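Coordinate-derived values only; no laboratory data. Note that the structure is predicted; figures quoted are calculated from it, not measured. Cβ atoms come from the backbone with ideal geometry, glycine included; neighbour counts cover every protein chain shown.
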Amino acid sequence: MYQQITLIGNLGRDPEMRYTPTGVPVTSFTMAVNRSWVGQDGQRQDKTTWFRVTAWRKLAETASQYLTKGSKVLVVGEVEEPNTFTDRDGNVRASLEVTAQTIRFMSTRAEAGMPAGSGSSEAADSGGEMSDEDIPF
């Protein structure tokens, strides 16, 4: 089953790029998506949901080159099956993972800490399907 998700949020750390054994670039980063609402008691409520995002090929190279911790981005991608784990306190948690198909940079160059004229403000689509040999696990 294919599930598409659109997220707007901020990077929690700098992206990490690596290569598969066949030389395909893959970049991973965490992304915080914030939501606010007013509760029944009239108080403002905030919730942050973290996603682990993976980008492949040219999209991976572009994300690694231009994104930094705190960058505001829009990610469109496929939701992966959640991985569940038990944290140090014994609580069962889920890791929400997305394979990016599109990444759009929403921070200005100054907000992202890049000098003016240092590249595009939008990344291209990932450009095709990945084969099972390209997946690094």
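Packing order of peptides 49-62, 79-92, 19-32, highest average first: 49-62, 19-32, 79-92 (average count of other Cβ atoms within 10 Å over each peptide's residues).
Couplings 3J(HN,Hα) for region 13-24, derived from phi with the Karplus relation 6.51 cos²θ - 1.76 cosθ + 1.60 (θ = phi - 60°), are 7, 5, x, 10, 9, 9, 10, 6, x, 8, x, 7 Hz, where x marks Gly and Pro. Considered as an equivalent ellipsoid built on the Cα gyration tensor, region 1-106 has semi-axes of 27, 17, 13 Å, the largest given first. The amide H of Leu96, built 1.01 Å from its N in the peptide plane, has Arg52 as neighbours under 5 Å, considering only residues 5 or more places off or on other chains.
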